[in-house]
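Engineer: Here it is: the structure, laid out below.
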């Protein structure tokens, strides 16, 4: 049996951008890129009288603050019973979102003119062991790009999806007539938020793309995929995606955060490094695994 040395922590290559778009006068999106915390967030605010931008700013600020003051398994507040069976890292992210929701609600009640103030949120937490926790409320999205393919890993909390799930046999013409941009969940809408979470183990090179609907509503998944795969750097990919959304009309604020997860090579004692995906010993100087074909 081989004796493997412990794996070091994974690292991330990441960047994010937000832009007002070509139609709106004010940017109500906010983003967070905290590589030191393994925390990446996009929030899309809503509400008149500058309430939307305040809601999204509160959301990202409170998530960052909560993570700065906590660690997995050591939270400053009790974990709700509904979340006690989740992985500690997922609990941390979920409770942080519940905390942010309360802060948005408090701000909405603190001043006149903030009726309807709220924010979507989508957050990715990359743990040192490569585990990835993804949570969202609303219609901001996370895509995973892996093995040259793109997958939407969050499902919009929207009226369109709600009808589609409850009436799977609805005629295509009626489904097409439904509004696409009416959301059913957001931070600030009710006293207790209902975030949805998923947990997965990342593979070396997996790329997570977080965005507001100002991106996903303007360009296709295939355009997103090809941009990420063919652009030289992650910051450049973010800029290209913003430019494409604006070039397609820029009807909304547009935000994107891209996170590429990089696993260290597993070193087998007195032997060559092993492929992070399949574990097969790598040939000296090779650029890919001969067993699974993963690009290194």
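Engineer: So which residues in region 103-129 are over 20 Å from residue 16 (Cβ atoms) and in contact with a strand residue (DSSP E or B) (Cβ under 6 Å, 6 or more places away or on another chain), if there are any at all?
Structural biologist: Matches in region 103-129: 104, 118.
Engineer: Then there is this: What number goes with the only condition from (1) more than 23 Å from residue 156 (Cα to Cα); (2) under 18 Å from the mean Cα position of the chain (by Cα) that residue 79 does not pass?
Structural biologist: Of (1) more than 23 Å from residue 156 (Cα to Cα); (2) under 18 Å from the mean Cα position of the chain (by Cα), only one is false for residue 79: (2).
Okay, residues lined up against (1) surrounded by 15 or more Cβ atoms within 10 Å (Cβ to Cβ); (2) within 16 Å of the chain's Cα centre (by Cα); (3) modelled with pLDDT under 95:
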{"residue": "135", "(1), (2), (3)": "yes, yes, no"}
{"residue": "139", "(1), (2), (3)": "yes, yes, no"}
{"residue": "144", "(1), (2), (3)": "yes, yes, no"}
{"residue": "165", "(1), (2), (3)": "no, no, yes"}
{"residue": "178", "(1), (2), (3)": "yes, no, yes"}
{"residue": "183", "(1), (2), (3)": "yes, no, yes"}
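Engineer: When you look at residue 168, is it within 22 Å of residue 199 (Cβ to Cβ), out of contact with any strand residue (DSSP E or B) (no Cβ under 7 Å at 6 or more places or on another chain) and in the same structural domain as residue 83 (by TED's automatic domain parsing), yes or no?
Structural biologist: Numbers: within 22 Å of residue 199 (Cβ to Cβ): no; out of contact with any strand residue (DSSP E or B) (no Cβ under 7 Å at 6 or more places or on another chain): yes; in the same structural domain as residue 83 (by TED's automatic domain parsing): yes.
So residue 168 does not fit the description; no.
Engineer: Let me ask something else about it. Which pairs do you get when a residue that is closer than 16 Å to residue 192 by Cβ and in the same structural domain as residue 59 (by TED's automatic domain parsing), found in region 105-118, comes within reach of a residue that is surrounded by fewer than 12 Cβ atoms within 10 Å (Cβ to Cβ) and modelled with pLDDT of 90 or more, reach meaning Cβ atoms under 7 angstrom, with the pair 6+ apart or on two chains?
Structural biologist: 105/191
Engineer: Please work out which residue is farthest from residue 185 (Cα to Cα), limiting yourself to region 62-97 and to residues that are touching a residue at least 60 places away in the same chain (Cβ under 8 Å) and buried (at least 21 other Cβ atoms within 10 Å of the Cβ). Step through it out loud before you land on a result.
Structural biologist: So in region 62-97, the residues touching a residue at least 60 places away in the same chain (Cβ under 8 Å) come out as 63, 86-87, 89-90, 93-94, 97.
In the following step, the residues that additionally are buried (at least 21 other Cβ atoms within 10 Å of the Cβ) were identified as 63, 89-90, 93-94, 97.
Working: 63: 18, 89: 23, 90: 20, 93: 17, 94: 15, 97: 13 Å.
Filtering region 62-97 for residues that are touching a residue at least 60 places away in the same chain (Cβ under 8 Å) and buried (at least 21 other Cβ atoms within 10 Å of the Cβ), the one farthest from residue 185 (Cα to Cα) comes out as 89.
Engineer: Here is a check on your reading of the model: is residue 153 assigned by TED's automatic domain parsing to the domain that holds residue 96, touching a residue at least 60 places away in the same chain (Cβ under 8 Å) and surrounded by 15 or more Cβ atoms within 10 Å (Cβ to Cβ)? Break it down into steps so the answer makes sense when it comes.
Structural biologist: Working: assigned by TED's automatic domain parsing to the domain that holds residue 96: yes; touching a residue at least 60 places away in the same chain (Cβ under 8 Å): no; surrounded by 15 or more Cβ atoms within 10 Å (Cβ to Cβ): yes.
When the stated conditions are applied, residue 153 does not pass them.
Engineer: Taking only region 65-74 into account, find how many residues are more than 20 Å from the chain's Cα centre (by Cα), modelled with pLDDT under 95 and in a loop (DSSP other than H, G, I, E, B).
Structural biologist: Residues in region 65-74 being more than 20 Å from the chain's Cα centre (by Cα), modelled with pLDDT under 95 and in a loop (DSSP other than H, G, I, E, B): 1 in total.
Engineer: Any idea which residue in region 204-233 is surrounded by the most Cβ atoms within 10 Å (Cβ to Cβ), counting only those that are more than 19 Å from residue 180 (Cβ to Cβ), in contact (Cβ under 8 Å) with a residue 12 or more places away in the chain and in contact with a helix residue (DSSP H, G or I) (Cβ under 8 Å, 6 or more places away or on another chain)?
Structural biologist: 209
Engineer: While we're looking at this one, here's another question. Mind checking whether some residue in region 14-23 is surrounded by fewer than 17 Cβ atoms within 10 Å (Cβ to Cβ) and more than 16 Å from the chain's Cα centre (by Cα)? Give the derivation first.
Structural biologist: Let us first name the residues in region 14-23 that are surrounded by fewer than 17 Cβ atoms within 10 Å (Cβ to Cβ), namely 22-23.
Remaining after also requiring more than 16 Å from the chain's Cα centre (by Cα): 22-23.
Yes, some residue in region 14-23 is surrounded by fewer than 17 Cβ atoms within 10 Å (Cβ to Cβ) and more than 16 Å from the chain's Cα centre (by Cα).
Engineer: I would also like to ask the following. Tell me which of these residue 42 doesn't satisfy, since it passes every other one: (1) surrounded by 14 or more Cβ atoms within 10 Å (Cβ to Cβ); (2) at pLDDT below 95.
Structural biologist: Every listed condition holds for residue 42 apart from (2).
Engineer: Within region 100-128, take every residue that is touching a helix residue (DSSP H, G or I) at 6+ places or on another chain (Cβ under 9 Å) and in a loop (DSSP other than H, G, I, E, B) and give me the one that is nearest to residue 12 (Cα to Cα).
Structural biologist: It comes out as 127.
The values are calculated or read from the model by the stated rules, or taken from the named source; none is laboratory data. Keep in mind that this is a model prediction, so the values were computed, not measured. Cβ atoms come from the backbone with ideal geometry, glycine included; neighbour counts cover every protein chain shown.
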